[in-house]
Amino acid sequence: MQTALIVLLNGISYGLLLFMLSSGLTLILGMMGVLNFAHASFYMLGAYFAYEVSRHVGFWPGLIVAPILVGGIGALIERYGLRHIHRYGHAAELLFTFGLAYMIEEVVHLVWGAAAVDYPIPASMNGIAFSVAGFGYSSYRLFMMGVSVAMLIALHYGLTRTRVGLVIQAAITHPDMTEALGHNVPRTMMIVFSGGAALAGLAGVIGGNAFVTEPGMAASVGSIIFVVVIVGGMGSLKGAFVASLLVGLLQTAATTSKASFQGLMHFLGLAPLSNGILSDFARITLAQFAPLVPYVLLIAILVIRPQGMFGKRDVS
């Protein structure tokens, strides 16, 4: 019971962090059709900017300043980079964002070095929030979940209840008609790209000290973000939310499991494999297999439902 509670809470907190990352990419993909390979790099920049701000004025100002800085960088990239490359098609956009990811990583190496930086959890939340069945849950993990849920509510409200949100939704589906009605679609695209980058930066602020802030952090989550977006359905915020929680729970559960195929055979009363490559494979535990879980889920979804769980089938 205690282990199941730990897995559930940690899986939800990790899944909500993935949603904060993937929601920005989902918006960018849904509106602009840009599969941004540099999106995880904005997550890394958010963590490093928050680290610098927290060194001088504390964590809380960094929680506000870092996403704004990352969003500003995103706006500049869209205005002076992607907007001019967009006319050359998706291949040019992919190459641009792919090169941008490498450039950001090298800049991080030059400024902060190759080693991890000391970006600590704020002292005010470095404790236990509550205890259930003898298990104490971290205050900061609870804070991460609260920020993610608040961001989800704000994003839903902003897209469905505000004028800017309605213009963004109209520009996603009918950009020509939206522009004919007098709205500045290129500026709206810049706002969306900037907002997506800021969301990734916010995830970096609250995730950088919970895990680790180092130059490889973008690569460690970059591929998983794309798994979430594809599994949920490209361009679907609801799909990104469900897929984020699913990946978070499955991977966390796998990480804490000691089960193996050999153990399953023993449980079923079958003769264990004694030698050969199959016996070596059977001894692999689910915890060792955990990094592959998101990609196994991706393959399964693509076979069963290629458009993703909440994606719309292309009938053109």
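The values are calculated or read from the model by the stated rules, or taken from the named source; none is laboratory data. Predicted model only: the values in this text are computed from it and were never measured. Reconstructed Cβ throughout: ideal geometry from the backbone, glycine too, with neighbour counts over all protein chains shown.
Report yes if some residue within segment 7-30 is surrounded by fewer than 18 Cβ atoms within 10 Å (Cβ to Cβ), part of a helix (DSSP H, G or I) and either in contact with a Ser or Thr (Cβ under 8 Å, 6 or more places away or on another chain) or at negative phi (or both); otherwise report no. Yes, the conditions are met somewhere in segment 7-30. So, Tyr140, is that one surrounded by 15 or more Cβ atoms within 10 Å (Cβ to Cβ) and touching a helix residue (DSSP H, G or I) at 6+ places or on another chain (Cβ under 9 Å) or not? In short, yes. Taking Val167 as the residue in question, decide whether it is surrounded by 12 or more Cβ atoms within 10 Å (Cβ to Cβ), over 17 Å from Phe59 (Cβ atoms) and out of contact with any Ser or Thr (no Cβ under 8 Å at 6 or more places or on another chain). So Val167 fails the test.
Checking each residue in segment 113-137 for being in a helix (DSSP H, G or I) and out of contact with any helix residue (DSSP H, G or I) (no Cβ under 6 Å at 6 or more places or on another chain) picks out Ala123, Ser124. Looking at Ile191, Ile153, just one residue is part of a helix (DSSP H, G or I), β-branched (Val, Ile, Thr) and under 25 Å from Gly81 (Cα atoms), and that residue is Ile191.
The residue list Met309, Met234 contains one member that is within 28 Å of Met32 (Cα to Cα), assigned to a loop (DSSP other than H, G, I, E, B), at pLDDT 90 or above and not small (Gly, Ala, Ser), which is Met309.
Only one residue in Ile168, Ile224 is part of a helix (DSSP H, G or I) and under 23 Å from His86 (Cβ atoms). Which one?
Working: Ile224 fails: under 23 Å from His86 (Cβ atoms).
Exactly one residue qualifies, and that residue is Ile168.
Condition check: free of Cβ contacts under 8 Å to residues at least 24 places away in the same chain, touching a Phe, Trp or Tyr at 6+ places or on another chain (Cβ under 9 Å) and closer than 30 Å to Leu35 by Cβ. Does Ile85 satisfy that? When the stated conditions are applied, Ile85 passes them. Of all residues assigned to segment 113-121, none qualifies as being closer than 17 Å to Leu25 by Cα, among the aromatic types (Phe, Trp, Tyr), out of contact with any Asp or Glu (no Cβ under 6 Å at 6 or more places or on another chain) and modelled with pLDDT of 90 or more.
Just checking, does segment 106-120 include any residue being surrounded by fewer than 16 Cβ atoms within 10 Å (Cβ to Cβ) and aromatic (Phe, Trp, Tyr)?
Of the residues in segment 106-120, the ones surrounded by fewer than 16 Cβ atoms within 10 Å (Cβ to Cβ) are 106-107, 109-111, 113-116, 118, 120.
Imposing the further condition that a residue be aromatic (Phe, Trp, Tyr) reduces the set to none.
No, there is no match, as no residue in segment 106-120 is surrounded by fewer than 16 Cβ atoms within 10 Å (Cβ to Cβ) and aromatic (Phe, Trp, Tyr).
Figure legend. Inter-residue proximity from segment 94-111: first residues touching a residue at least 24 places away in the same chain (Cβ under 8 Å) and of a type in the set (A, V, I, L, M), second residues surrounded by 13 or more Cβ atoms within 10 Å (Cβ to Cβ) and part of a helix (DSSP H, G or I), beta-carbon distance below 6 Å, spacing 6+ or different chains. Indicated pairs: Ala101/Ser41; Ile104/Ser41. If you go through segment 119-166 and keep only what is β-branched (Val, Ile, Thr) and touching a Leu at 6+ places or on another chain (Cβ under 9 Å), you end up with Val132, Val147, Val149, Thr160. Checking each residue in segment 171-193 for being of a type in the set (A, V, I, L, M) and either buried (at least 17 other Cβ atoms within 10 Å of the Cβ) or within 21 Å of Phe42 (Cβ to Cβ) (or both) picks out Ala171, Ile172, Val185, Met189, Met190, Ile191, Val192.
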